[in-house]
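Engineer: What follows is a single structure, and I will ask about it in a moment.
The values are calculated or read from the model by the stated rules, or taken from the named source; none is laboratory data. All values reported here derive from a predicted model rather than from experimental measurement. Note: accessible area is taken over every heavy atom of the protein model, side chains too, but ligands, DNA and RNA are not part of it. Shrake-Rupley method; radii C 1.70, N 1.55, O 1.52, S 1.80 Å.
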Amino acid sequence: MTKYVINGGKRLNGEVTISGAKNAAVAIIPAALLVDGSCRIENVPKIIDVTLQMEILRELGVSVRLLNATTVELDGECVQDAKVPYELMRKIRASYYLIGALLGKYHHAEVAMPGGCNFGGIRPIDQHIKGFEALGATVSIREGGFIHADAPNGLTGAHIYFDVVSVGATINIMLAAVLAKGMTIIENAAKEPHIVDLANFLNAMGADVKGAGTDVIKIRGVERLHGGTYSIIPDQIEAGTFMAAVAACGGQALIKNVIPKHLECITCKLAEMGVEITEFDDAVLVSRMGKLLKTNIKTLPYPGFPTDMQPQMTTALCLAEGTSIITEGVWDNRYRYTEELARMGANIHVDGKIAVVEGVSELTAAPVRAYDLRAGAAMVIAGLAAKGTTQVEQVTNIERGYENLVEKFVGLGADMFRAEIPDSDSATMPVAK
Ligand code: EPU
């Protein structure tokens, strides 16, 4: 089994370059299905979720050409089949964007129910279905866990009010509506940077999407989308993960290829924790030389504090002076990783959506699991900050969404490496590179 072996307790110093945003890429890649002709997408992150999505597109008949490490050319003109294979679909949650894209373009989609990060709770898609139905589709869940969506006469624009703010539902309805007849208005839309990025991509290909980044998005359907070139925004959460790691370990790092505006919610919290942050045009300098201070965090949809940064920040707060209170405001159950932190000496009590963290002076190494993507990032941060050698298991969950995480931390002076270690050998784990 592949594990990360981390010899922790070192400060982080140096520079790191952030990759393209995972949650924008997994929306923009299926959006290429809507385009007549080929589109070139730049700044694509090299992560498992993106590789899987490209495999799914290939299965559908899309021509997928890697032009270089971060640029891909997609041509969806040859799509034969609007049925997406179950084996690939179940591995990645964002595969449900294929419903919106296929329904929008071909008026028919057969897509297996999605997989992806499992926080231990249910991840409903009722708002997606409500939106598709408002646009005139018939949606049913059939044998084998397949979602069938059909609109034989095409989709028609509609006024849609989401009962909850949902990133996925907002994206899926945008995908379905760009080629629909007439105007679609999405009320109570999500405002995350990746929503704006998808709107910018679609508009660059000839769509008419206005208001992305606010809670009302207006989409006037167009006849067709044309090809073009688009560059994905930098990953807000990857940048935040490195910022939280510097906070936990101490040191100074220049985090390059970021949009500082997207990081403000994270920057403000880190400043309260005694971390110094200097913003540049497309970089932030993060420095933690003194003590780490407690703070309270409540996660909320953007521009609130991102839930996808909750595990990493909670981990840093384990080492802060005083008591911090974390409230998870997006997901019902996203604290499973705290059991792993407790095994490293953290003092955390979880009650429903609230975690109370009593800061401790140090964490100690232990074998831990990456239960999901961000929980895994939190385990890496804990291992980097802890004294001794930590092994992180189930790293595929991390590599679903972080490009070259090990290499990037090594570039900041961390002592960590990937190793193939059988489970039974945990006691004799290697301690040096
Ligand atoms: N919800 C519903 N009904 C729906 C859809 C969502 O009740 O039809 C609820 C969810 O149960 C949740 C809340 O609405 O309580 C927000 O869910 P949302 O739909 O916004 O989440 P998502 O689209 O499934 C995306 C990200 C997640 C991130 C959330 C929240 C992608 C591929 N995934 O998920 O990212 O946590 O938005 O910001 O964009 C991650 O990157 O680690 C990750 C899990």
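Engineer: On the full set of protein chains, 1.4 Å probe, figure out the accessible area of Asp332 and give it in Å² to the nearest 10.
Structural biologist: About 120 Å², ignoring ligands and nucleic acids.
Engineer: Additional query: For segment 110-233, what is Rg from Cα atoms divided by 2.2 N^0.38 Å, rounded to two decimals?
Structural biologist: So the Cα radius of gyration is 1.06 times the expected 2.2 N^0.38 Å.
Engineer: Please compute one quarter of the surface area of the Cα convex hull for the chain and express it in square nanometres.
Structural biologist: Result: a mean projected hull area of 19.2 nm².
Engineer: OK, next. Carbon and sulfur atoms: what percent of the 1.4 Å accessible area of the chain do they account for?
Structural biologist: 50
Engineer: Determine the percent antiparallel among the DSSP beta bridges restricted to the chain, to the nearest 5.
Structural biologist: Counting only bridges with both partners in the chain, antiparallel ones make up about 70 percent.
Engineer: Debye sum, Cα scatterers, segment 296-433, no solvent: what log₁₀ I/I(0) at q = 0.09, 0.10, 0.15 1/Å?
Structural biologist: Log10 of I(q)/I(0), two decimals: -0.26, -0.32, -0.73.
Engineer: Keeping every protein chain present and rolling a 1.4 Å probe, give me the accessible area per residue for the chain in Å².
Structural biologist: 38
Engineer: Next question. Quick one: what do you get for segment 174-321 if you divide its Cα Rg by 2.2 N^0.38 Å?
Structural biologist: Here the Cα radius of gyration is 1.26 times the empirical estimate.
Engineer: Output ³J(HN,Hα) for segment 126-136: one whole-Hz value per residue in order, computed from phi by the Karplus curve 6.51 cos²θ - 1.76 cosθ + 1.60 with θ = phi - 60°, and x for Gly and Pro.
Structural biologist: Karplus-based 3J(HN,Hα) across segment 126-136 equals 4, 6, 4, 5, 4, x, 4, 5, 4, 7, x Hz.
Engineer: Using only the heavy atoms of the protein chains and a 1.4 Å probe, how would Arg58, Arg123 rank by accessible area, largest first?
Structural biologist: Accessible-area ranking of Arg58, Arg123, largest first: Arg58, Arg123.
Engineer: What is the Cα coordinate range of segment 22-231 on the first, second and third principal axes, sorted by size from largest, in whole angstrom?
Structural biologist: The principal-axis extents, from largest down, are 41, 37, 33 Å.
Engineer: What whole number of Å gives the distance from the Cα centroid of segment 260-300 to the Cα centroid of segment 2-67?
Structural biologist: Here the two parts' Cα centres lie 26 Å apart.
Engineer: Using a 1.4 Å probe and counting only protein heavy atoms, arrange Thr299, Thr2 so the residue with the most accessible area comes first.
Structural biologist: Correct descending sequence by accessible area is Thr2, Thr299.
Engineer: Related question: Can you give the calculated 222 nm mean residue ellipticity of the chain, where each DSSP H run of n ≥ 4 adds -39,500 (n - 2.57) and the sum is split over every residue, rounded to the nearest 500 deg cm²/dmol?
Structural biologist: -8500 deg cm²/dmol
Engineer: Could you pull the accessible area for Cys249 with a 1.4 Å probe, rounded to 10 Å²?
Structural biologist: Per-residue accessible area (Cys249): approximately 20 Å².
Engineer: What are the ³J(HN,Hα) couplings of segment 256-261, residue after residue, when phi is run through the Karplus curve with 6.51, -1.76, 1.60 and θ = phi - 60°? Round to Hz, x for glycine and proline.
Structural biologist: 9, 6, 10, 10, x, 4
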